[in-house]
Amino acid sequence: MNLAILGANGRMGRALLEAAQSDNELTVTLACVRESSSLVGQSVRQLVNVSAAQVPDFTVFGISDNADVVIDFTLPVALQAHLDICVKMQRPVVIGTTGLSDEQLSAIGAAANHIPIVFAANYSVGVTLMTKLCRMAAQTLGDTADIEIIEAHHRFKRDAPSGTAMAIGEAIADQLDIKLQDHAIYGREGDTGERNQRTIGFSTIRGGDIIGDHTALFADIGERVEITHKASSRQTFALGALRAAKWLLNKPAGLYDMEDVLGLK
Ligand SMILES: NC(=O)C1=CN([C@@H]2O[C@H](COP(=O)(O)OP(=O)(O)OC[C@H]3O[C@@H](n4cnc5c(N)ncnc54)[C@H](OP(=O)(O)O)[C@@H]3O)[C@@H](O)[C@H]2O)C=CC1
Ligand SMILES: O=C(O)C1=N[C@H](C(=O)O)C[C@H](O)C1
């Protein structure tokens, strides 16, 4: 299977290039960077330690039609252009970019009428399981416990709260039959008054090289449950995205997530 990796020079792009070379079912045929990048035309080997026999030069997405599936871990600003090319070329796409606006999420939904798309804020198997566990906890404890979601990431991360924290919040809100936007509290300061039990709190930590930690706290009087996931390598996200790419090949147009990929629905 031939893969196009968008944002190939980014942290996730490099993790994907490394992960793909160990998989003999996959060949990266397009390692894409932005049009203005000084890397265009240079060998991927200059930036990433890949030993595979077939290693492409960095290129610009859309120039060559040489991929079965596209993987996009870039920034929200690049999303629409990438979707337009995937729809035009009828290419399935795995999207990992977070920090998307409601309009951008709608654009993914619209593109999924024409091509198959997997979109997940977190491609690790562990976070997919954690999200299901949080639904269970909300069902059992949600009427009386205070719910807080705490996340920590590296100093370079631009969006907050993380896409994963928001997705966990959405899953809990869905389970409680409430709208997250009406119940979310993003940070507290000063005289906040007593906590409203019907809210879901979010706390964000940024520092150093933390790959990605998430905790969902269900705190009641007399006991609390904490569900925590800690990623110790970006390879966990990269391997999940490659698994999603293989799963997506030959699927009909539609919007899928990691629970579909893992057969958990
Ligand atoms: N779903 C998941 O499991 C995971 C999701 N993520 C998300 O993936 C995204 C990328 O993360 P990370 O790799 O750490 O970020 P980086 O900043 O390291 O990489 C971002 C990449 O996007 C490229 N890019 C930015 N703007 C454009 C544009 N307009 N057109 C084309 N390419 C562009 C950058 O190119 P340049 O260098 O030229 O600016 C760079 O290669 C984030 O949204 C992050 O939250 C991260 C990890 C896991
Ligand atoms: O930017 C990151 O690094 C990560 N982003 C994703 C998110 O926003 O949830 C997933 C992971 O936690 C790493």
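Any read-out appearing in this document is the output of simple, stated calculations on the displayed coordinates, not a laboratory observation. Predicted, not measured: the structure shown is a model, and the values here were computed from it. Don't worry about glycine lacking a Cβ; one is built from the backbone with ideal geometry, like all the others, and counts go over all protein chains shown.
Descriptive notes on the structure:
- Length available on full extension from Ser101 to Thr144: 0.36 nm per residue minus the Cα-Cα distance, which gives 12.3 nm.
- Centre separation in Å (Cα based) which lies between the stretch 1-25 and the stretch 106-131: 18
- Dipole-positive endmost among Pro92, Ala165, Gly201 within the chain (Cβ charges, Cα centre): Pro92
- Protection proxy ranking of 248-255, 160-167, 148-155 - average other beta-carbon atoms within 10 Å, highest first: 160-167, 148-155, 248-255
- Sorting 41-52, 4-15, 24-35 by their mean Cβ neighbour count within 10 Å, with the most densely packed peptide first, gives 4-15, 24-35, 41-52.
- Computed on the chain, with alpha-carbon pairs under 8 angstrom and 6+ residues apart, the relative contact order is 21 percent.
- Value at 222 nm in deg cm²/dmol, rounded to 500, when DSSP H runs of n ≥ 4 in the chain each add -39,500 (n - 2.57): -9500 deg cm²/dmol
- Three-way shape call for the stretch 10-137 based on the alpha-carbon gyration tensor, with the a/c threshold at 1.5: oblate
- Residue pairs, from the table Lys88/Lys230; Lys179/Lys246; Lys179/Lys265, whose Cα atoms sit over 32 Å apart: Lys88/Lys230; Lys179/Lys246
- Environment charge of Ala171, counting only residues whose C-beta is closer than 14 Å and scoring Lys/Arg +1, Asp/Glu -1: -1
- At full extension, Gln54 and Ser36 could sit 4.0 nm farther apart than now, given 0.36 nm per residue minus the alpha carbon distance.
- Compactness check for the stretch 125-231: Cα Rg over 2.2 N^0.38 Å is 1.03.
- Cα-based shape type of the chain, given that a ≥ b ≥ c are square roots of the gyration tensor eigenvalues and the cut on a/c is 1.5: prolate
- Once the Cβ-Cβ distance of Leu75 and Ile221 is raised to the sixth power relative to R0 = 41 Å, the FRET efficiency obtained is 0.45.
- FRET E, pair Thr192, Ala253, Förster distance 51 Å, beta-carbon r, rounded to 0.05: 0.65
- Spin-label pair His114-Ser232: with each label point 7 Å from Cα along the Cα-Cβ axis, the two points sit 4.4 nm from one another.
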